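The values are calculated or read from the model by the stated rules, or taken from the named source; none is laboratory data. Keep in mind that this is a model prediction, so the values were computed, not measured. Every residue, glycine as well, gets a Cβ built from its backbone with ideal geometry; the counts of neighbours run over all protein chains shown. Each accessible area value is taken on the protein alone, full model and side chains, heavy atoms only, with ligands, DNA and RNA left out. Shrake-Rupley method; radii C 1.70, N 1.55, O 1.52, S 1.80 Å.
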Amino acid sequence: MAKAPLIFTYYIAAPVEKVWDGFVSKEANQKIFVGADFELDLKPGGAMTWSGLSKDGKPMRYVTGEVLRTEPPKLFEYKFGMGDGAVMSRVKVELTPETEAVKVVVTNDDWAEDDPAYAQNADGWPRILSRLKTLLETGTTFRPH
């Protein structure tokens with residue numbers, strides 16, 4: 001049986017361009033992911049990586065991804081997986097400007113049956129999106145648990 005999509009909706013009080021930048025910029029990703037080095041080639045087929053140091057201080061790849069589609073500043077779609085990305089799921093980020101905020105809908109789907117990241121992402125997306133919201137609205141964010 002297919003795993004249910006993970007769907008999260010947030011409202012961020014910032015201009016849509018700033019929210020877009022929060023998803024694709026190196027600076028915002030480093031703050032949200034506590035110093036992880038973020039690299040992104042923002043075109044279909046482009047690579048995405050989050051990397052840094054392991055607990056023993058050795059360089060490691062945290063997440064590997066590939067850009068599927070971009071329509072700045074309203075749609076960003078990619079696939080990603082933990083580590084080297086041997087098992088990937090798909091993420092679609094949709095940004096819709098409203099009167100004083102941007103509606104952000106993140107859908108994480110297309111899960112492999114054996115993807116161990118499903119439960120981690122179900123818990124992780126609300127934390128990531130909350131840190132992004134806080135960063136964009138206040139200029140600072142909080143550390144993960």
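Of note:
- With respect to the conditions (1) open to solvent by 70 Å² or more (accessible area, probe 1.4 Å); (2) within 18 Å of Gln120 (Cα to Cα), Phe8 lacks only one, and its number is (1).
- Filtered residues of region 26-35 (kept if open to solvent by 50 Å² or more (accessible area, probe 1.4 Å) and touching a residue at least 24 places away in the same chain (Cβ under 8 Å)): Lys31, Phe33, Val34
- Some residue of region 76-92 being of a type in the set (Gly, Ala, Ser) and closer than 15 Å to Val19 by Cα: no
- Thr107 meets the stated requirement of being of a type in the set (Ser, Thr, Tyr), in contact with a Leu (Cβ under 8 Å, 6 or more places away or on another chain) and within 18 Å of Phe23 (Cα to Cα).
- Candidates Arg69, Arg127, Arg90 - the one that is of a type outside the set (Phe, Trp, Tyr), touching a Pro at 6+ places or on another chain (Cβ under 7 Å) and without any contact (Cβ under 8 Å) to a residue 24 or more places away in the chain: Arg127
- Close pairs from region 5-25: first over 15 Å from Thr99 (Cβ atoms) and small (Gly, Ala, Ser), partner in a strand (DSSP E or B) and open to solvent by 20 Å² or more (accessible area, probe 1.4 Å), Cβ under 9 Å, at least 6 apart: Ser25/Leu40
- The residues of region 61-86 that are out of contact with any helix residue (DSSP H, G or I) (no Cβ under 7 Å at 6 or more places or on another chain), aliphatic (A, V, I, L, M) and at pLDDT below 95 amount to a single one, Ala86.
- Scoring Glu17 on the criteria (1) closer than 16 Å to Leu129 by Cβ; (2) in a helix (DSSP H, G or I) leaves a single failure, condition (1).
- Strands (runs of 3 or more DSSP E) wholly inside region 36-145 that include at least 1 residues being open to solvent by 50 Å² or more (accessible area, probe 1.4 Å) and farther than 30 Å from Ala13 by Cβ: 47-53, 59-71, 75-82
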